[in-house]
Amino acid sequence: MEKLGIEPSLLLAQIVNFAIIVVVLTKLLYTPILAMIAKRKKEIEEGLALSVRQREEEEKFGIRKEKLLADARKEARVILEDGKKQAKEAEHEILAAAHKEASEILEKAKAEAIATHEALSADIRAEAVGLASAMAKRLVASVLSPGDQHKLIAKHLTELEKNKTL
């Protein structure tokens, strides 16, 4: 080997030096770097797993959100329909009450009109009887004697009372 320009003692010294450097670098640098790489790899895997879980939870949340929104929409539709039904029922009740009140008012007005008509008719009859008897007194006084006047008046009063009851 000396012919090649290699000295065995130097080669041995270099091999020993290389082995020492390998051992030192392995103990001081390579092992901590491998530990750091393993730790980083573990953190990355945990981050990926966390992002996958978060994505799954987000999907579940989205599905739950859509379901809740659909339920809320259904409930809102039901509430609106119930409100419309109640409004229609209230409208019918109000209209029925209004019709009933209107018919009662009409009945009262008819009854009042009939009562007023009867009262006026009775007043007119009474006044007509009074006028007729006053006119008859004047006419009878000038034509008949007092005895005949009383008979005639009594006769006519009984006829008027009969007509009045009819």
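Of all the listed residues (110, 162), the sole one being assigned to a helix (DSSP H, G or I) and surrounded by 10 or more Cβ atoms within 10 Å (Cβ to Cβ) is 110.
If you check residue 90 against the conditions, is it at pLDDT below 95, part of a helix (DSSP H, G or I) and under 30 Å from residue 156 (Cβ atoms)? It is false that residue 90 is at pLDDT below 95, part of a helix (DSSP H, G or I) and under 30 Å from residue 156 (Cβ atoms).
The values are calculated or read from the model by the stated rules, or taken from the named source; none is laboratory data. Remember, it's a predicted structure, so these values are computed and weren't measured experimentally. When we count neighbours, we look across all protein chains shown, and the Cβ atoms used for this are built from the backbone with ideal geometry, even at glycine.
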